[in-house]
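See below for the structure under consideration.
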Amino acid sequence: MEEDRYGLPLSTASADAAAAYREGMDLLLAFWPGATDAFERAIMLDPDFALAHAARARIHAIYMQREAALQTIKRARDLVAKRGTEREQSHVATLALAIEGRGAEALNATLAHLESWPRDAMIMALPLGAFGLLAFSGRRDHDIARRDLCDRFAAAYGEDWWFLSNHGWALTEAGDVTQGRAITERSFALRRHNAYAVHALLHAMFEEGAFDEADALVEGWIGDYDRTGMLHGHICWHQALGALDRGDAAGALKVYTDVLVLTMDTAPPLNTLSDCASLLWRLMAEDNALPDGAWADIAAYASPRFTGSTLAFIEMHLMMIAAATNDTAALKGRLTAIERRQLEAKLPAGPIMPNMLRALRAFAEDNWRACARELTPVIGDLARVGGSHAQREVIEDTYILALIRSGDLAKARALLDARLHRRPSARDTRWRALAAG
């Protein structure tokens, strides 16, 4: 019987279809261009190959092509019921829950599946990463849970380049940056054409304050990575964070205009939304001039794609857009919906959501005191929003600036001292001087 790269049986009689599926798996797990073509080739070679359809549905979901994703995963479920092992049936059923947006059920199904088939990497990938099932679960401890999950199954994967990059990133996000970076570097050495490993290294460098080193990594590597790669824009977004740390607003803005805008049509929508909105917000927060229509452009991009959003991470960025564009109707509608869901106990991220949205609105209105007042009781719960630490830090930055501008310098100093104790930062040092009065 044909097998995937991890030794798990594949229900296809076509060796060529199995080879195409293995190629697609590697490309998808590395966030490298070409996975879609590989899975479609597998389907062409064996139209009844259920797992190839399931993987294609996963890519549809990543690009928020909801109807195509639902139709394709249904096709996979029909096929795997007729010709599929127990593992493949569980694989497809678990992936279907994730694609249908049933996050809690998908997470439970994933953990149960891994008990029997820990080397099913396509399922193991679901709870991992900044946009995975754990990150978007609303849990305060999702960083620790992701690290523990990787620790538990590390022996099953050994020196596997894909698993090592995820294990390293999980350790970094959980606070063990030294070990996380070392493991990620092992992954990168095994496969340089692995955008996820580069991404994980950039997060470790961010946590170390090694922005010049991060710049050098990107400049020396990204020439091999096509702009259609899922993480191309996001990797360059990390360079913008380094530019902001150095006080180089023009350099950060160049990333926006020369990379993020140009990859809007090829990057996954969630990456485009979060990278563009958060970078514009960071620039605006320090009173830097933005290109005419920048906020309107990202608002127009987001409007048709995120109408049914319920994830805290998405709401955070949509609120930035609404506040920055002074979209009164959107501001009121988003807040009303969130407050209603809070009363109904339907907010996995808890009370941080309405407070955070009100704070962003207040900040955009230069109401620093109100912004600080809203964030003070919930700032310790930022992890519940999901995403990565680097992505969530935009809210902490907003809070610090609101504290400084409202005159609450002692609180600002305490936050900045804690950050500077963790890592060097030229920007935080500048802000610390302001907080010194």
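The values are calculated or read from the model by the stated rules, or taken from the named source; none is laboratory data. Predicted model, so just to flag it, every value in this text is computed and none were measured. No Cβ is skipped: glycine too gets one built from the backbone with ideal geometry, and neighbour counts run over all protein chains shown. We work out accessible area using only protein heavy atoms, side chains counted, and drop any ligands, DNA or RNA first. Shrake-Rupley method; radii C 1.70, N 1.55, O 1.52, S 1.80 Å.
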Fill in the blank from the handout: Log entry, pairs with first residue in region 417-433 being part of a helix (DSSP H, G or I), second being surrounded by 15 or more Cβ atoms within 10 Å (Cβ to Cβ) and β-branched (Val, Ile, Thr), beta carbons closer than 7 Å, six or more apart or on different chains, reads Trp431/Ile400; Trp431/Ile404
Exercise for the section: Would you please list the contacts, defined by Cβ atoms under 6 Å and residues six or more apart or on different chains, that run from a residue in region 45-72 that is open to solvent by 50 Å² or more (accessible area, probe 1.4 Å) to a residue that is assigned to a helix (DSSP H, G or I)? Expected result: Leu45/Asp16; Leu45/Ala17; Asp48/Leu79; Met64/Pro269
Practice task
Would you confirm whether any residue within region 230-238 is open to solvent by 30 Å² or more (accessible area, probe 1.4 Å), part of a helix (DSSP H, G or I) and modelled with pLDDT of 95 or more?
Solution key: no
Practice task
Quick one: count up the residues across region 100-150 that are in a helix (DSSP H, G or I) and of a type in the set (D, E, K, R).
Solution key: 6
Completion exercise
For region 381-416 the number of residues that are assigned to a helix (DSSP H, G or I), open to solvent by less than 40 Å² (accessible area, probe 1.4 Å) and in contact (Cβ under 8 Å) with a residue 60 or more places away in the chain is 11
Exercise for the section: Go through region 400-437 and give me each residue that's in contact with a Leu (Cβ under 6 Å, 6 or more places away or on another chain) and modelled with pLDDT under 95. Expected result: Gly437
Problem - Any hit, region 285-299, residues being of a type outside the set (Gly, Ala, Ser), within 23 Å of Ala130 (Cβ to Cβ) and surrounded by fewer than 24 Cβ atoms within 10 Å (Cβ to Cβ) - result: no
Fill in the blank from the handout: Quick count over region 300-321, residues being in contact (Cβ under 8 Å) with a residue 24 or more places away in the chain and open to solvent by less than 30 Å² (accessible area, probe 1.4 Å), is 13
Fill in the blank from the handout: Taking region 338-380 and keeping only residues that are assigned to a helix (DSSP H, G or I), open to solvent by less than 40 Å² (accessible area, probe 1.4 Å) and under 25 Å from His142 (Cα atoms), one is left with Ile338, Ile352, Met353, Pro354, Asn355, Met356, Leu357, Ala359, Leu360, Glu374, Leu375, Ile379
